[in-house]
Amino acid sequence: MSQALPTAESDRPSRMLDERALDILFRAARTHHAWLDKPVSEETLRALYELLKWGPTSGNCSPARFVFIRTPEGKAKLKPALSAGNLEQTMSAPVTVIVAHDPRFYDELPRLFPAQPKARSWFASNYSLSEQTAFRNGTLQGAYLILAARALGLDCGPMSGFDAAKVEEAFLSPWGWKANFLVNLGYGDPARLPPRGPRLSFEEATRFA
């Protein structure tokens, strides 16, 4: 485990999570590639979305869209788009989530961001801005999905290594959504976890300014 966070009363925010919760979300959490034969219910997936949707996005734009693949038919459609290295772990996962984004997210801004009535026009006529905003904030929401899943007791296996065009054609084309990355969800097999990879130290990864 990593070193515990400061415990002095002067250093501990009043709303700080306890050490066990921090372990679940970060320090003890692992990327899983092997799964127990235990299903993930629709109720759990709905609870997952109800948590992740509260994560912040710029202007509350909320561009992420999610496809939960959990049937044999869905997995069969996904299979041709996967790289060889991701095939076994994805076919055996109870659920695979396509983390996507809607390039026309700005159509929802009158409802999602009523404080700025002109917000839609900022993006509707500026492809570069809308593309950057959708990708950046959709990626954020994909990270919120991982944390929400861990908070609900699920394990995650986020990954690249797939043909985005094939995924979009098979799953996303009716809505014009764009694929970002995939996340396998389920209950990981702890007996098949490899050694954990190292991380950069504070001194290596940060600077003060």
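The values are calculated or read from the model by the stated rules, or taken from the named source; none is laboratory data. For clarity, every value in this text was computed on a predicted model and none was experimentally measured. Every residue, glycine among them, receives a Cβ derived from its backbone with ideal geometry; neighbour counts consider all protein chains shown.
Exactly one residue among ARG65, ARG70 is touching a Phe, Trp or Tyr at 6+ places or on another chain (Cβ under 6 Å), buried (at least 17 other Cβ atoms within 10 Å of the Cβ) and modelled with pLDDT of 95 or more, and that residue is ARG65. Selection of region 148-174 for residues being within 22 Å of ASN86 (Cβ to Cβ) and part of a helix (DSSP H, G or I) yields ALA149, ARG150, ALA164, ALA165, LYS166, VAL167, GLU168, GLU169, ALA170, PHE171, LEU172. Taken over region 175-197, residues that are within 19 Å of the chain's Cα centre (by Cα), closer than 27 Å to LYS38 by Cβ and assigned to a loop (DSSP other than H, G, I, E, B) amount to 1.
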